[in-house]
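Here is the structure we will look at, set down as structure tokens.
The values are calculated or read from the model by the stated rules, or taken from the named source; none is laboratory data. Keep in mind that what you see is a predicted model, and the values were worked out from it rather than measured. Cβ placement follows ideal geometry from the backbone for every residue including glycine, while neighbour counts extend to all protein chains displayed.
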Amino acid sequence: MNTKRHAVKVAGPSGSGINISGEILARALKRSGYCVFAYREYPSLIKGGYSTYQIDFSPDPIKAVGSNVDIEVALTKETLLQSIKTLSANAVVVYDEALTLSEQDQAFCALSNATFVPVPLNALIAKAGAQPIMKNTTMLGVVWKILDLDPVTLEQTVGDMIKKGAEADAMNRKCVEEGFAWYTGNTIPRLNPQERWKLQNVVTGNHALSFGAVAAGVRAYFSYPMTPASSILTILAKLSDKTGMLVKQAEDEITAANLSLGAMHAGTRAFTATSGGGFDLMTETLSMAAIAEVPFVCVIAQRPGPATGVPTYTTQGDLNLAVHAGHGEFARLVLAMSDGDDAFYLMATAFNYAEKYRIPVIVLTEKHIAESLFTIADYDATKIPIDRGKIVSDDQLSGFTSDDHYRITDDGVSARWLPGQKGPFFLTTSYEHRENGDMTEDAEDIKQMIDKRMRKEQTLFNDIPDAELIGPEGASITFVGWGSSAMVMTDVLNLINSSGKKVNYLHYTYLNPLKTERLERIAANGGKLFLIENNFKGQLGELLETKAKIAFTQKLLKYDGRPFFLEEVLEFIEKI
């Protein structure tokens, strides 16, 4: 057991209430005064397979998942045996005593130092006068006793989350009481709670992204469901009565992209979200947005590929896709979310840049961010500026001509007015064109217009920030990464640097165009550079090595569909 954090995992087949049980525990722990981070693993099956919901919690800020579990709730024999390899020293495994364990199974369990607690669930359910489906709730009561926490908090959380009427609520609460009262064994050391966490919220990355889109002024969302982006559609649809946002499930990804592009052309902030395979189908729209200079925002929620890959697991495998997708050459911005905090604020950034430069903006997230549960303070919508670029109002259009819509400018950005405004007529086309939008195949026209559009890249490069350095300046070891790597590295640095070691982390949010000045300065000062990425090739590393002419002496790469666990990075640092 880690002295600063504990982990509880609920494991069982899909469709057996794993997700709701885990979320109840996470919310109840937050209400008890702990920072929580919850991580899900589940197969692409409606029922069956092996699903887990792990909650790491601490009185200190945490953003990463650990590989060692202190309390395991196993709902089947298969999940009981599967859980053995993830247990910490002196862990507790709670399971239904009705599970039939052979002598071989018992011998296998005895290999661990865990305490196995068979719970008489049928008897406790009967005593509570409850239904068999409420076994999970009874198990939560046992877990809560092992954690030595106030059962009232858990009972209230169960009531808040399982809204099935007064009778069901009373039975669920009774199940918690019976499970809590039944357990009389040892408890694990209680971590000191902090009042500040009780006032914060727990949200998934996709909830944060969706709330950020609302705050950024998005008025329309179009998508075809594809995990791990699917829940964005559900979240925004549920909010639509309050926000007035148009939310539409399209028949395919091509339609979703074109609807989004059309809405942005008309002046409405709109976007689409998908995964890598869906984005493959959107690339023609991406190129159309570039040549027509229509702002376009797309979220790619990454999962392992190629093809269908592993639909419900995580990766950072689509950076090259985001940077290079589309035919022809054009300026684009690629951003990457790193946690449940900037998932909110980065949506406004994406729209501001898209409209300011009239370019496609691709926002990368990952299953590990999209579906994990974060402890987050209240978001501050006042910190979100709205910048719509060179949009011209009706009263300013009197001096404009049709040529101004694609006017060749020093910064590559032309004035923008919208269909329906009282201004000069202009053409929007997917063909190469002159300043007024007329199609052209003239050599000089083509060159001038490509030069004009590509100047946006340098203008954009000058506008975006460099990578962010997290941790002490002048550290002997600098990790470099992007996306969810920031989550595990933040937790690692908090542990490592408190012990006197000097390690820092250079985090890239802006991935194209790519700034390297800070990285080159670290290298020039003798710092050792270590790459951390959730993919096989080290895609960011390849881009940086090409652009900055530096070399990563070692790479920590992971590509098995799982995120980096805290202990993996700590062990890597110990070795170096």
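Kindly indicate whether Thr227 is crowded, with 23+ Cβ neighbours inside 10 Å, modelled with pLDDT of 95 or more and in a loop (DSSP other than H, G, I, E, B). Against the criterion (crowded, with 23+ Cβ neighbours inside 10 Å, modelled with pLDDT of 95 or more and in a loop (DSSP other than H, G, I, E, B)), Thr227 does not qualify.
Report yes if some residue within the stretch 192-205 is buried (at least 18 other Cβ atoms within 10 Å of the Cβ), farther than 30 Å from Pro295 by Cα and in contact with a helix residue (DSSP H, G or I) (Cβ under 7 Å, 6 or more places away or on another chain); otherwise report no. Checked the stretch 192-205: at least one residue is buried (at least 18 other Cβ atoms within 10 Å of the Cβ), farther than 30 Å from Pro295 by Cα and in contact with a helix residue (DSSP H, G or I) (Cβ under 7 Å, 6 or more places away or on another chain). Considering the stretch 116-219, the qualifying helices (runs of 4 or more DSSP H), each wholly inside and each with 3 or more residues that are at pLDDT below 95 and either in the same structural domain as Gly33 (by TED's automatic domain parsing) or not polar (S, T, N, Q) (or both), run over 121-128, 135-146, 151-161, 166-182.
If you go through the stretch 318-333, how many residues are of a type in the set (A, V, I, L, M, F, W, C) and surrounded by 24 or more Cβ atoms within 10 Å (Cβ to Cβ)?
Taking the stretch 318-333 and keeping what is of a type in the set (A, V, I, L, M, F, W, C), we get 319, 321-323, 325, 330-331, 333.
After this cut, where a residue has to be surrounded by 24 or more Cβ atoms within 10 Å (Cβ to Cβ) as well, the list is 319, 322, 333.
Selection size over the stretch 318-333: 3.
Only residues that are touching a Pro at 6+ places or on another chain (Cβ under 9 Å) and farther than 17 Å from Ile450 by Cα were counted in the stretch 389-425, giving 7. When residues in the stretch 131-170 are screened for being among the polar types (S, T, N, Q) and in contact with a Cys (Cβ under 8 Å, 6 or more places away or on another chain), 2 of them pass.
Could you please let me know if Gly561 is in contact with a strand residue (DSSP E or B) (Cβ under 7 Å, 6 or more places away or on another chain) and among the small types (Gly, Ala, Ser)? First the steps, then the outcome.
Details: in contact with a strand residue (DSSP E or B) (Cβ under 7 Å, 6 or more places away or on another chain): no; among the small types (Gly, Ala, Ser): yes.
When the stated conditions are applied, Gly561 does not pass them.
Is it the case that the stretch 420-442 has a residue that's in contact (Cβ under 8 Å) with a residue 40 or more places away in the chain, part of a strand (DSSP E or B), outside the structural domain of Arg332 (by TED's automatic domain parsing) and within 36 Å of the chain's Cα centre (by Cα)? So far as the stretch 420-442 goes, no, none of its residues is in contact (Cβ under 8 Å) with a residue 40 or more places away in the chain, part of a strand (DSSP E or B), outside the structural domain of Arg332 (by TED's automatic domain parsing) and within 36 Å of the chain's Cα centre (by Cα). Sub-7 Å Cβ pairs linking a first residue in the stretch 280-294 that is modelled with pLDDT under 95 to a second residue that is assigned to a loop (DSSP other than H, G, I, E, B) and acidic (Asp, Glu), at least 6 apart or interchain, number zero.
Across the stretch 238-274, the number of residues qualifying as assigned to a loop (DSSP other than H, G, I, E, B) and farther than 21 Å from His327 by Cβ comes to 8. The criterion of at least 3 residues that are closer than 21 Å to Ala64 by Cα and outside the structural domain of Pro228 (by TED's automatic domain parsing) is met by the following helices (runs of 4 or more DSSP H) wholly inside the stretch 459-566: 485-496.
Could you tell me whether Ala307 is in a helix (DSSP H, G or I) and assigned by TED's automatic domain parsing to the domain that holds Ser210? Break it down stepwise before answering.
Details: in a helix (DSSP H, G or I): no; assigned by TED's automatic domain parsing to the domain that holds Ser210: yes.
Answer is no for this residue.
Scanning the stretch 379-400 for residues that are part of a loop (DSSP other than H, G, I, E, B) and more than 36 Å from the chain's Cα centre (by Cα) gives Ser393, Phe400.
Conditions (1) among the aliphatic types (A, V, I, L, M); (2) within 25 Å of the chain's Cα centre (by Cα); (3) closer than 24 Å to Leu566 by Cβ, marked per residue:
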| residue | (1), (2), (3) |
| --- | --- |
| Gly483 | no, yes, yes |
| Ala486 | yes, yes, yes |
| Ser499 | no, no, yes |
| Lys502 | no, no, yes |
| Tyr508 | no, yes, yes |
| Lys515 | no, yes, no |
| Lys528 | no, no, yes |
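Applying the criterion of being surrounded by 24 or more Cβ atoms within 10 Å (Cβ to Cβ) and assigned to a loop (DSSP other than H, G, I, E, B) to the residues of the stretch 66-96, the residue that is modelled with the highest pLDDT is Gly66. Tell me, yes or no, whether the stretch 457-468 has at least one residue that is touching a residue at least 12 places away in the same chain (Cβ under 8 Å), within 23 Å of Ile573 (Cβ to Cβ) and buried (at least 17 other Cβ atoms within 10 Å of the Cβ). The answer is yes; a qualifying residue exists.
Residue-level check: of (1) of a type in the set (Asp, Glu); (2) surrounded by fewer than 22 Cβ atoms within 10 Å (Cβ to Cβ); (3) closer than 26 Å to Asp60 by Cα, Glu545 misses just (3).
Here Asp395 passes the criteria (1) touching a residue at least 12 places away in the same chain (Cβ under 8 Å); (2) loosely packed, with under 15 Cβ neighbours inside 10 Å except the one numbered (1).
Taking the criterion of being at pLDDT 95 or above and part of a loop (DSSP other than H, G, I, E, B), the residues of the stretch 28-63 that qualify are Ser32, Gly33, Tyr34, Pro59, Asp60, Pro61, Ile62, Lys63. For the stretch 1-20, the set of residues classified as part of a helix (DSSP H, G or I), surrounded by fewer than 24 Cβ atoms within 10 Å (Cβ to Cβ) and in contact with a helix residue (DSSP H, G or I) (Cβ under 9 Å, 6 or more places away or on another chain) consists of Ile20 only.
Is there a residue in the stretch 87-97 that is within 28 Å of Thr375 (Cα to Cα) and charged (D, E, K, R)? Within the stretch 87-97, none of the residues are within 28 Å of Thr375 (Cα to Cα) and charged (D, E, K, R). Among the candidates Asp411, Asp403, the residue that is outside any loop (DSSP other than H, G, I, E, B), out of contact with any strand residue (DSSP E or B) (no Cβ under 6 Å at 6 or more places or on another chain) and farther than 29 Å from Thr315 by Cβ is uniquely Asp403.
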